[in-house]
Every structure is written in structure tokens, then in C-alpha cells.
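The values are calculated or read from the model by the stated rules, or taken from the named source; none is laboratory data. Given the structure is predicted, the values throughout are model-derived calculations rather than measurements. Note that each Cβ is placed from the backbone with ideal geometry, even for glycine, and that neighbours are counted across all protein chains shown.
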Amino acid sequence: DGGITQSPKYLFRKEGQNVTLSCEQNLNHDAMYWYRQDPGQGLRLIYYSQIVNDFQKGDIAEGYSVSREKKESFPLTVTSAQKNPTAFYLCASSILPGTSGKYEQYFGPGTRLTVT
Amino acid sequence: AQKITQTQPGMFVQEKEAVTLDCTYDTSDQSYGLFWYKQPSSGEMIFLIYQGSYDEQNATEGRYSLNFQKARKSANLVISASQLGDSAMYFCAMRDGGSQGNLIFGKGTKLSVKP
């Protein structure tokens with residue numbers, strides 16, 4: 001059964017701690033993305049990657065870091081430098097842009113992070 | 001700058017009736033794609049329908065259709081025969097024609113289907 005898994009679904013951390021959110025896909029997609037969603041808002045792009053060992057900053061990368069050591073995995077670290085880390089985080093993947101016209105992004109179930 | 005606008009924060013529809021969710025976009029690109037996603041209370045984003053900027057026909061997927069008016073830069077989602085399970089947040093998104101393929105999302109419309 002192909003898809004994207006994110007764990008855990010709920011995560012609680014104390015302020016000042018780094019936390020890593022996992023994202024794994026078995027869709028054989030080259031591109032992977034991390035989004036942040038705040039209440040009443042749409043999704044905002046944090047980081048994306050189109051190939052292993054390479055990634056690019058999105059619109060709100062400050063206070064976040066990522067790695068892409070394997071095609072299947074794209075973990076996101078929320079660092080203590082992120083001023084308002086409490087949010088819903090969604091991971092997505094797609095075939096490489098440009099491969100065909102329609103390449104929708106497939107999303108994982110999300111991780112709700114609460115920092116107190 | 002590219003932008004997606006969804007002007008309806010919330011909508012109500014009676015079960016079995018049709019509903020239109022509005023979406024307007026702003027881009028200077030000639031090649032772009034428009035998407036609609038559904039987000040139930042569980043949080044996962046579910047892809048519904050896609051429209052390419054060069055597609056001459058309006059996209060349809062089952063009970064979902066996209067009313068694409070290129071000159072007006074609008075891409076409204078029409079849901080026919082609403083069901084209780086359609087209650088969710090709906091997001092319009094646009095992908096530009098560049099190689100990055102990143103999506104820009106609107107703020108969403110919360111649809112509530114009444115029995």
C-alpha cells in the first residue's frame with residue numbers, strides 16, 4: 001500500500017528543545033516537501049527537495065532544517081530558533097515537476113506539534 | 001507575485017444540493033496548473049481535481065468539476081449532490097510553470113453540509 005507516513009501524529013516539546021518530525025514515502029517520488037499550517041490559514045512551504053542530498057528553502061525556512069539522505073525520507077527539524085513552532089506540519093511528495101503536466105502532491109497525515 | 005484568493009471563509013449547503021467554492025488567482029505565467037484539495041478534520045490533504053492553464057475543457061472528477069474562466073482568472077470548484085462526508089476545508093492551489101513545481105495555497109473555505 002503506497003503512501004506517505006508521518007510520525008508521530010501529536011508531539012509535545014518544551015520551549016528551547018529541537019524536535020525532528022519524520023516523513024517517509026514509498027511512492028518512489030523524487031520530490032518531497034514540508035509545509036506548515038496555522039489555524040485558519042493555508043499551507044506555507046518550509047523546504048523542498050527534488051533529489052537526494054539536495055534541498056531548497058521555501059517561503060518560511062527560518063528556524064527549520066532538513067536532510068535528504070535517502071529518496072524515501074525527508075525529516076524536518078524544528079530548532080529552538082523557530083519563534084512560533086506550534087503548528088500542524090504536513091509532508092508531501094510528487095513526481096519531478098516537468099515530467100508531465102499534472103503532478104499533484106500527495107500528502108501525509110500530518111504531525112501536530114505543540115511547544116510550551 | 002503569485003497569489004490565490006478564496007473569499008469564502010465558510011459555506012453551508014443542504015445535503016444533495018450543489019455548491020460552488022470560489023477561487024481566484026494571480027499570475028503572470030502563461031503555463032500554470034490549478035488544484036483543489038480537501039482537508040477533513042483528520043488533517044490529511046486529499047487531492048480532488050486539476051486544471052492546466054492550456055486545457056480547453058473544464059476538468060471533471062466524479063461529483064467534482066472545475067469552472068475555469070481563464071480571462072477572469074478564476075477556478076471555482078463545483079460539488080454536485082453534496083454529501084455529509086463533504087464537510088471539510090477546501091483549498092485551492094496553484095503551481096507555476098517553472099521547474100520548481102511548488103504549490104501556492106489559498107486560505108481555504110470551510111464547507112458544512114447540513115442534513
Across the stretch A:1-40, what is the total count of residues that are facing chain B (nearest Cβ under 10 Å), closer than 22 Å to A:Ser94 by Cβ and either touching a Lys or Arg at 6+ places or on another chain (Cβ under 8 Å) or aromatic (Phe, Trp, Tyr) (or both)?
3
In the stretch A:32-69, which residues are modelled with pLDDT of 95 or more and on the phi > 0 side of the Ramachandran plot?
A:Asn53, A:Gly63
Examine the stretch A:85-105 for a residue that is closer than 19 Å to B:Gly43 by Cα, more than 14 Å from every other protein chain (Cβ to nearest Cβ) and touching a strand residue (DSSP E or B) at 6+ places or on another chain (Cβ under 6 Å), and state whether such a residue exists.
yes
Checked against (1) surrounded by fewer than 20 Cβ atoms within 10 Å (Cβ to Cβ); (2) at pLDDT 95 or above; (3) of a type in the set (Gly, Ala, Ser), B:Gly97 satisfies every condition except (2)
Among the strands (runs of 3 or more DSSP E) confined wholly to the stretch B:18-65, which include 1 or more residues that are among the small types (Gly, Ala, Ser) and touching a strand residue (DSSP E or B) at 6+ places or on another chain (Cβ under 8 Å)?
B:32-39, B:46-52
How many residues are under 19 Å from B:Ser74 (Cβ atoms), within 13 Å of chain A (Cβ to nearest Cβ) and not in a loop (DSSP other than H, G, I, E, B) if we restrict to the stretch B:1-17?
3
